[in-house]
Amino acid sequence: MNSLKVVLQKSTIQLFLWMVVVLLLTRQVPFSSFSFISNIAILILVLYSLSRKKEVFFEYGVILLWLVLLVAYSIVSQNNLSYIIRFGIICLLIPLSYYVKLPIKSINILFFFVTIQCLFITFIELYLLFFQSIESYFPIRFFFNEKEWGDIYTYSGYYYFIQLKGNALIPFAYMLTFIFPFKSNKSKWILRIIFLSGTLIAGNFAFFISLFCFHFVKYININGLSKNKAAIRIITLCFILLITSSIIFSYVENVMDRKQDNSLSTRTDQFHVLMNDVQENTLTILFGQGLGHTISEKTMYRDYTDNVYYELQIVYFFNQLGILNFLIFIALNFYLTIKYIPQKNLLWIYICYVLYAVTNPYILDTNHIVVIICLVSLNNFPHMDKWKEIYPKRELHGNERDEIKLPTI
């Protein structure tokens with residue numbers, strides 16, 4: 001009885017901290033100034049929930065040793081101490097998040113707050129469509145820009161791109177609806193439509209590419225199908241791609257033309273600035289400029305002085321880590337991903353998340369940590385206690401408990 005109380009208490013604490021994290025992560029409009037609370041909550045959550053199995057202590061030791069050496073190098077490089085701590089915590093929490101296993105209710109909490117974000121941006125979209133025009137909406141756009149909440153813009157007045165902070169997890173939540181064991185098909189389809197609508201309203205091109213890849217692989221997954229059904233599916237896909245190819249190419253060309261003078265140019269500029277800076281000498285090429293390093297340079301696109309926010313955040317991490325540390329960091333996370341998220345359907349969702357996050361500032365941050373924790377928790381779902389949390393009236397018999405598996409995508 002006492003052990004059960006301890007388990008329930010731990011679960012309650014975990015879910016409370018998780019709720020704080022997801023709430024502030026998705027409701028950055030208007031609570032962006034409270035993001036530090038989310039950072040504290042995710043730090044406490046990860047450290048509190050770490051696995052205490054003896055076989056993982058060696059992995060903990062490797063992670064901590066690497067981080068200590070990296071922090072020491074950064075201090076010797078005379079980087080800003082507060083930034084060293086900030087990025088050191090990120091480098092620590094991302095690998096440690098693979099050891100966190102939350103109750104399945106954590107996914108319900110994620111769905112709830114992502115739904116609120118989708119409804120919020122949908123409301124803005126409808127308001128702009130019915131009550132504003134391409135000439136009159138600029139004060140609203142300037143208001144969001146001034147608050148640093150994101151951007152709202154349109155090219156025609158018939159479709160507004162609502163690209164706000166808090167949108168990062170919408171496509172991820174949408175993909176999760178294909179593997180999460182809902183109580184009913186109705187709730188599954190309602191959430192799926194809400195998340196897909198939110199993705200479309202956000203209008204992020206990387207979101208669209210990621211979801212296209214997700215559905216493409218889902219559709220061509222012909223394992224277990226008969227030869228005739230597999231052939232029909234492949235032929236149907238080829239036919240659809242053939243008749244829609246001109247529309248797709250036209251859309252992609254228009255998007256690339258729009259981005260050429262703004263988004264792509266800014267990213268290209270960031271890439272050159274960060275890569276030129278890390279190539280200062282052989283030492284910085286191998287070991288980077290150290291955690292918390294900032295650049296003092298101005299270009300025609302931006303003043304990068306003391307900047308720690310980049311659209312190409314992964315390139316900024318490469319600037320801080322250098323070739324050797326970056327390869328160690330990637331190899332470490334690759335090893336942990338294969339070990340703790342081995343199910344192919346979950347692994348593919350993770351890949352699709354990285355696909356859209358890597359070209360946006362949604363990677364190597366709290367969003368990234370939340371994604372890992374969700375996937376690890378779902379990977380550990382097939383257990384009696386967690387199954388009953390969702391289906392309390394479901395009774396399992398014999399070896400049926402061991403046969404429970406997540407649905408495939």
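The values are calculated or read from the model by the stated rules, or taken from the named source; none is laboratory data. Predicted model, so just to flag it, every value in this text is computed and none were measured. Using ideal geometry, Cβ is built from the backbone for each residue, glycine included, and neighbour counts are taken over all protein chains shown. We work out accessible area using only protein heavy atoms, side chains counted, and drop any ligands, DNA or RNA first. Shrake-Rupley method; radii C 1.70, N 1.55, O 1.52, S 1.80 Å.
Just to be sure before I move on: is residue 104 surrounded by 14 or more Cβ atoms within 10 Å (Cβ to Cβ), touching a Lys or Arg at 6+ places or on another chain (Cβ under 6 Å) and among the β-branched types (Val, Ile, Thr) in the structure I sent? When the stated conditions are applied, residue 104 passes them. Among residues of region 350-372 that are part of a loop (DSSP other than H, G, I, E, B), those with a Cβ under 9 angstrom from a residue that is of a type in the set (D, E, K, R), sequence gap 6+ or separate chain, pair up as 359/267; 359/311; 360/311; 361/311.
Hey, can you tell me all the residues within region 128-183 that are more than 24 Å from residue 357 (Cβ to Cβ) and among the small types (Gly, Ala, Ser)? The answer is 133, 136, 156, 157.
Condition first: hydroxyl-bearing (Ser, Thr, Tyr), under 30 Å from residue 182 (Cα atoms) and touching a residue at least 24 places away in the same chain (Cβ under 8 Å). Can you find one or more residues in region 25-44 that meet it? The answer is yes, given that some residue of region 25-44 is hydroxyl-bearing (Ser, Thr, Tyr), under 30 Å from residue 182 (Cα atoms) and touching a residue at least 24 places away in the same chain (Cβ under 8 Å). Any residue that is free of Cβ contacts under 8 Å to residues at least 24 places away in the same chain, touching a Gly at 6+ places or on another chain (Cβ under 9 Å), among the charged types (D, E, K, R) and open to solvent by 20 Å² or more (accessible area, probe 1.4 Å) - is there at least one of those in region 132-146? Checking region 132-146: at least one residue is free of Cβ contacts under 8 Å to residues at least 24 places away in the same chain, touching a Gly at 6+ places or on another chain (Cβ under 9 Å), among the charged types (D, E, K, R) and open to solvent by 20 Å² or more (accessible area, probe 1.4 Å).
Table: residues versus (1) farther than 17 Å from residue 169 by Cβ; (2) modelled with pLDDT of 90 or more; (3) surrounded by fewer than 14 Cβ atoms within 10 Å (Cβ to Cβ).
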| position | (1), (2), (3) |
| --- | --- |
| 13 | yes, yes, no |
| 19 | no, yes, no |
| 23 | no, yes, no |
| 26 | no, yes, no |
| 40 | yes, yes, yes |
| 48 | yes, yes, yes |
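What pairs come up if the first residue lies in region 174-192 and is closer than 20 Å to residue 119 by Cα, the second is open to solvent by less than 10 Å² (accessible area, probe 1.4 Å) and among the aliphatic types (A, V, I, L, M), and their beta carbons are under 7 Å apart, counting only those six or more places apart or on different chains? Every condition considered, the pairs that remain are 175/349; 176/107; 176/349. State whether the residues of region 57-71 include one that is open to solvent by 20 Å² or more (accessible area, probe 1.4 Å), within 30 Å of residue 176 (Cα to Cα) and β-branched (Val, Ile, Thr). So far as region 57-71 goes, no, none of its residues is open to solvent by 20 Å² or more (accessible area, probe 1.4 Å), within 30 Å of residue 176 (Cα to Cα) and β-branched (Val, Ile, Thr).
Has region 310-320 got any residue that is surrounded by fewer than 18 Cβ atoms within 10 Å (Cβ to Cβ), of a type outside the set (A, V, I, L, M) and either in contact with a Ser or Thr (Cβ under 8 Å, 6 or more places away or on another chain) or closer than 19 Å to residue 92 by Cβ (or both)? Within region 310-320 (the criterion being surrounded by fewer than 18 Cβ atoms within 10 Å (Cβ to Cβ), of a type outside the set (A, V, I, L, M) and either in contact with a Ser or Thr (Cβ under 8 Å, 6 or more places away or on another chain) or closer than 19 Å to residue 92 by Cβ (or both)), the answer is yes, since at least one residue qualifies. Kindly indicate whether any position in region 349-359 is crowded, with 18+ Cβ neighbours inside 10 Å and modelled with pLDDT under 90. So far as region 349-359 goes, yes, one or more of its residues are crowded, with 18+ Cβ neighbours inside 10 Å and modelled with pLDDT under 90.
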